[in-house]
1. Output the residues belonging to segment 113-138 that are out of contact with any strand residue (DSSP E or B) (no Cβ under 6 Å at 6 or more places or on another chain), assigned to a helix (DSSP H, G or I) and surrounded by fewer than 20 Cβ atoms within 10 Å (Cβ to Cβ).
2. Collect the residues in segment 229-240 that are surrounded by 15 or more Cβ atoms within 10 Å (Cβ to Cβ) and touching a residue at least 24 places away in the same chain (Cβ under 8 Å), keeping them in residue-number order.
3. Report every pair of residues separated by at least 6 positions or lying on different chains whose Cβ atoms are under 9 Å apart, first residue within segment 135-154 and farther than 22 Å from Ala180 by Cα, second polar (S, T, N, Q) and surrounded by fewer than 17 Cβ atoms within 10 Å (Cβ to Cβ).
4. Restricting to segment 51-98, what's the tally of residues that are surrounded by fewer than 16 Cβ atoms within 10 Å (Cβ to Cβ) and among the β-branched types (Val, Ile, Thr)?
5. What number of residues within segment 1-41 satisfy the criterion of being in a loop (DSSP other than H, G, I, E, B) and either in contact (Cβ under 8 Å) with a residue 12 or more places away in the chain or within 14 Å of Glu51 (Cβ to Cβ) (or both)?
6. Could you list all residues from segment 139-161 that are in a helix (DSSP H, G or I) and not hydrophobic (A, V, I, L, M, F, W, C)?
7. Considering only residues that are among the β-branched types (Val, Ile, Thr) and touching a helix residue (DSSP H, G or I) at 6+ places or on another chain (Cβ under 6 Å), look in segment 2-39 and name the one that is farthest from Pro223 (Cα to Cα).
8. Any idea which of Tyr37, Tyr97 is more than 22 Å from Cys171 (Cα to Cα), of a type in the set (Ser, Thr, Tyr) and within 14 Å of the chain's Cα centre (by Cα)?
Amino acid sequence: MSTLNNGISMPLLGLGVYDMYKKDAEQAVLWALETGYRLIDTAAMYENEVEIGNAVRASGIARKDIFITTKVHDKDQGFEQTLRAFDESQRKLDCEYIDLYLVHWPLKATRKETWKALERIYSEGRVRAIGVANYMIPFLDELATYSNIIPVVNQVEFSPYLYLEDLLKYCQAKHIQLQAYTPLVRGQRMNDAKLLALSQKYAKTPAQIILRWALQHGVSPIPKSANLARIKENFDVFDFEMNAEDMSKMDAFNENYRVVDDPMELF
């Protein structure tokens, strides 16, 4: 668990549900909750909030024990539009409250007013925490010039192959929890010989090695999978620890490799 800067707790390891739809999305969340996940990360843009809410209710797990994140769609940014978008996300999720609401992308024309809307929603007690996604250091510096609330989370693309060490240190210094989407690089580096050597050493899969690396850095990884075996595999990372030498080795895997657009192109 991570204690966020407003005092609430968030599980460090979660399930991302990007590119999952209808019954597939619902089933993946049910499997994840049965496996032990308690953090589910969705977004208006993913068009599966209804199914995520269905799964949470069908799980039989108390709502207070599940942490739900969603995000404002780019097309809904702006002050009044964001207020309406939040209402719509809550309607679709059909839950008493949302744990974390994020600005999905830092769009130049609207990110300030969008953040102000999030502050309003938070001040009214309608969401437990607010944060941002895809915010590199210049975005966070800019945000600090007009925000009254420090974001609790910054969700970005982050992996051993995109090791954003400066951003990690910045967020740690500001008490912002860094969260990693596509932490497994969409499977595109699983045959890396360096990674396979560590996999063999620790008798863990390449995916488990990557997720463990993130967790030991204090980063919150939210791997996406709709496959039961992989959902279980990705959660089975709490029974081992990598030594400092191997962590340093993995830090050196960095090649600035992205599978998603670079947010700095929006600055």
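Read-outs throughout are calculated quantities, based only on the coordinates presented, and are distinct from any laboratory measurement. No experiment lies behind these values; they were computed from the predicted model shown. Quick reminder, even Gly has a Cβ in these numbers, built from the backbone with ideal geometry, and neighbours come from all protein chains shown.
1. Glu113, Lys116, Glu119, Arg120, Ser123, Ile137, Pro138
2. Ile231, Lys232, Glu233, Asn234, Phe235, Asp236, Val237
3. Asn148/Ser123
4. Selection size over segment 51-98: 1.
5. The number of residues fulfilling the criteria is 16.
6. Selection gives Asp141, Glu142.
7. Out of the qualifying residues, it is Thr35.
8. Tyr37
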